[in-house]
Amino acid sequence: MVWLAVLLAVLSAFCMAFGAQRQGSAVKADTGGLALSSNGFLRLLRNPRWVLGLLLLWAGMALNAVALVTAPLTVVQPIGAIALVITTVVNAKDQGLSINRATVVAISACVTGSALFVLLAVNVTQENHHVSGEDELTIVLLLALAVGLFGTLAALFKHRMSAFVYILGAGVLFGFVAVLTRIIGKHLLDPNGLFLLNVSPYSVVAIAAAGGLGSWFVQSAYSSGPPDLVIAGLTVIDPIVGIAIGITILGELRPDVHAVTAIAMAAAAVLAIVGVIALSRHHPEVTKRKRDSKAPSARKA
């Protein structure tokens, strides 16, 4: 069963990688590198390339969910980082770009940091079988703050936000969504037989709001940055946020954790996030855009 999970996780990585690349190229062609508008999003719904990318992303998520049920997190989660490598290679070939050394270092930092963080976290965490109403409400309120913060940034700085800010917001929001989805799933499977009556309406509303804004951020990131940056956010920031919520709010940290392990986890998370920042600054597609934007002013001078 473990090998089946590994195969599913690898297939998931390929689906996520090609799905992100298809959507990214479709968004760039539609927006021309400008901020995504509501009309532009409606046009994307009629774009076969974008729809294919969406279907591939959904398939990748479904395969990864089955893999997580079939095998331990320590086996499945690090494999997802393969999607970042695949997306980088595929996008570079599609755009006719050469992968520079800075991009290789940034991707290595993302993959290494996120894999180490997950492996360390799994060894020091324990599942919380009962989530109190107070803990669930705390998560919803924190998510509301995150939605308000990133929503305000998007409204005030729509045409000036960098791709990194978009993908940071998406990673944070989807990290909360993953936690609440798991909580709701436990409510539905509660042996008391109440099913939907166990689910708090405010959690459902919170997931809908965060999922909608997070999806908008992902598409906006496509218009202002490379698709591998989007994958980096979803495979690095998302799980880090989810695990952090489990440790700090849900009490999933084991009581016998050594300080060295905690420091190592923090260092791994910092390494992964620094890798995402470096990727957003030194990716060949990003540097090409910077050169192209400076070219007109240089000709005028």
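The values are calculated or read from the model by the stated rules, or taken from the named source; none is laboratory data. Here the structure is a predicted model, which is why all the values come from computation and not from measurement. In this analysis, Cβ positions are derived from the backbone assuming ideal geometry, glycine residues included, and neighbour counts consider all displayed protein chains.
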Exercise for review: Sort out which residues of the range 67-84 are of a type in the set (A, V, I, L, M) and either crowded, with 20+ Cβ neighbours inside 10 Å or at pLDDT below 80 (or both), and write them in order of number.
Suggested key: Ala67, Leu68, Val69, Ala71, Leu73, Val75, Val76, Ile79, Ala81, Ala83, Leu84
Exercise for review: Find the residue count for the range 156-215, including only residues that are outside any helix (DSSP H, G or I), small (Gly, Ala, Ser) and modelled with pLDDT under 85.
Suggested key: 2
**Study point:** Options Thr152, Thr87, Thr103: the member that is crowded, with 21+ Cβ neighbours inside 10 Å, over 19 Å from Glu252 (Cα atoms) and over 17 Å from the mean Cα position of the chain (by Cα)
**Key:** Thr103
Check your understanding: In this structure, is Ala264 small (Gly, Ala, Ser), over 19 Å from the mean Cα position of the chain (by Cα), under 26 Å from Leu84 (Cβ atoms) and not in a loop (DSSP other than H, G, I, E, B)?
Key -> yes
**Study point:** the range 155-186, residues that are surrounded by fewer than 16 Cβ atoms within 10 Å (Cβ to Cβ), without any contact (Cβ under 8 Å) to a residue 24 or more places away in the chain and within 30 Å of Lys290 (Cβ to Cβ)
**Key:** Ala155, Leu156, Phe157, Arg160
Point to revise | Pairs with Cβ under 6 Å, 6+ apart, first in the range 43-59 and within 14 Å of Phe18 (Cα to Cα), second in a helix (DSSP H, G or I) and polar (S, T, N, Q) | key: Trp50/Gln23; Gly53/Gln23
Practice item. Restrict the check to the range 224-236 and report whether at least one residue is in contact (Cβ under 8 Å) with a residue 40 or more places away in the chain, assigned to a helix (DSSP H, G or I), in contact with a Phe, Trp or Tyr (Cβ under 9 Å, 6 or more places away or on another chain) and surrounded by fewer than 21 Cβ atoms within 10 Å (Cβ to Cβ). Key: no
Check your understanding: Within the range 131-144, is even one residue buried (at least 19 other Cβ atoms within 10 Å of the Cβ), under 18 Å from the mean Cα position of the chain (by Cα) and in a helix (DSSP H, G or I)?
Key -> yes
